[in-house]
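Novice: Have a look at this one.
The values are calculated or read from the model by the stated rules, or taken from the named source; none is laboratory data. Note that the structure is predicted; figures quoted are calculated from it, not measured. Backbone-built Cβ (ideal geometry, glycine too); neighbour counts: all protein chains shown.
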Amino acid sequence: MKDPHYRDNMLLTNGDSLFVPRYVSMVDVRGAVNSPIAVAYVPGKKLDYYIRAAGGGTAKADVGRAYVTQASGNVESVVRHKFAPDGQPTPGAGSVVYVPLDDPSEKGPGFAAIAGSTAQVLGALVAILAISRR
C-alpha cells in the first residue's frame, strides 16, 4: 500500500469484505506415506524433512515426484538438476505435502524380463555356433 500505483493493489468498494485466514502452524502430509499426519511447521525445512516426519514413503510411494501445495495455492515440485543436487521446495506454514503412488507402467522392464530376454538371445547364439561348427 506504500505505492498507490502497485499492480497488486485492490480497490475495495462499499459492501466488499476481506477474509484473513487464521495462521496454521502445521504442514499436512498426505498420500503414500506411512503415517499421513499434520507435522509442526519448522522454518527452512525442506520437503524430505516433512516426508520423514510422516514415517517416510510407503513401499509403493514415488517420493521423487512429491510436491507441495503452498497455503497461497502455488504448487511446487522437486526440480531435477543433472550435475547438481535436486532443488527441493520448502513448505510453508499451512501447506500440504503430497506423495503420489508409484506408477509401475512408467518404468522400463524389470530385471526378470531383461534376464529372460538375454538368456533367449544367448541360447540362440550358442545353437547357431553349434550348428555352424558341424
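Novice: Looking at this structure, is GLY92 of a type in the set (Gly, Ala, Ser), within 11 Å of the chain's Cα centre (by Cα) and modelled with pLDDT under 95?
Specialist: No.
Novice: Continuing with the same structure: Return yes or no: is VAL20 free of Cβ contacts under 8 Å to residues at least 24 places away in the same chain, closer than 23 Å to PRO89 by Cα and assigned to a loop (DSSP other than H, G, I, E, B)?
Specialist: So VAL20 does not fit the description; no.
Novice: Residues that are of a type in the set (Ser, Thr, Tyr), under 13 Å from the mean Cα position of the chain (by Cα) and surrounded by 10 or more Cβ atoms within 10 Å (Cβ to Cβ): does region 23-43 have at least one?
Specialist: no
Novice: Let me ask something additional. Would you call TYR67 touching a residue at least 40 places away in the same chain (Cβ under 8 Å) and assigned by TED's automatic domain parsing to the domain that holds VAL97?
Specialist: It is false that TYR67 is touching a residue at least 40 places away in the same chain (Cβ under 8 Å) and assigned by TED's automatic domain parsing to the domain that holds VAL97.
Novice: Do you know which of the residues in region 51-75 that are surrounded by 14 or more Cβ atoms within 10 Å (Cβ to Cβ) and closer than 13 Å to GLY94 by Cβ is nearest to the chain's Cα centre (by Cα)?
Specialist: Checking each candidate, the answer is VAL68.
Novice: Something else: Contact list please: Cβ distance under 6 Å, first residue in region 46-64 and closer than 12 Å to GLY31 by Cβ, second residue at pLDDT below 95 and charged (D, E, K, R), pairs at least six apart or on different chains.
Specialist: Qualifying pairs under 6 Å: LYS60/ASP102; ASP62/ASP102.
Novice: Here is a follow-up. Wholly within region 42-105, which strands (runs of 3 or more DSSP E) include no fewer than the required count, namely at least 2 residues that are among the aliphatic types (A, V, I, L, M)?
Specialist: It comes to 96-99.
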